[in-house]
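Every read-out reported here was derived from the displayed coordinates using simple, explicitly stated rules and does not represent laboratory data. Since the model is a prediction, treat every value here as computed from it, not as a measurement.
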Amino acid sequence: MRIITGSARGRKLKAPDGLDIRPTSDRVKESIFNAIQFDIEGRRVLDLFAGTGQLGIEALSRGARDAVFVDNYPTAVHTIRENLAHVDFEDRGEILQADAQSAVARFPADRFGLIFLDPPYDSDLLGPTIEAVMRREILMPGGLMVCESPREESLPMGGNGYAVLREYRYGKVKITLYTRE
């Protein structure tokens, strides 16, 4: 796992051993950032189910103002802390050890310009978390929410001022982009 571009370009990130954390593949990550490349600069980022922190760190490398990383697992929190230190972004990253639902409930409305959701596959967490983000309105108007899921998973179609902007498919992975209008 490497940072693709920006100020930390080429830096390798750590990933813990085992199957508890499933980092986004480099190919899918590159495709995500190609799709959102003009929507990163200066934005506040929320990386839910952060795992290694690679999506939020890539956004920081590309000019995001700051990022909040949320994961419930101590191993993930430790890995994110190490990765932020490795790329010298500790001052721009905040880490919360919490489940996604309780973290979303903590944030005020209109807080983030970019949100990543990449929960463990087969966890049934993505749909309810998308709905919680929409209900709490923590995404700023004009912001983007990027969701990674198995290709066949059905996701909410929007509502409450949110709409699916686009869907991309990469093998067994689906990326869904939402925007808040």
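Which whole-number percentage describes the relative contact order of segment 1-144, with Cα contacts under 8 Å and a sequence gap of 6 or more?
23 percent
Can you tell me the length gained on complete extension of the stretch residue 106 to residue 34, counting 0.36 nm per residue apart and subtracting the Cα distance?
Working it through step by step, the gained length comes to 22.9 nm.
Return the single residue from 51, 161, 63 with maximal mean-square fluctuation; model: Gaussian network over the chain, springs between Cα atoms under 10 Å.
161
Once you compute Rg and the Kirkwood Rh from C-alpha atoms, what is the Rg to Rh ratio for the chain?
For the chain, the value is 0.92.
Run through the DSSP bridge list for the chain and note the antiparallel percent, rounded to the nearest 5.
So the antiparallel bridges in the chain amount to around 50 percent.
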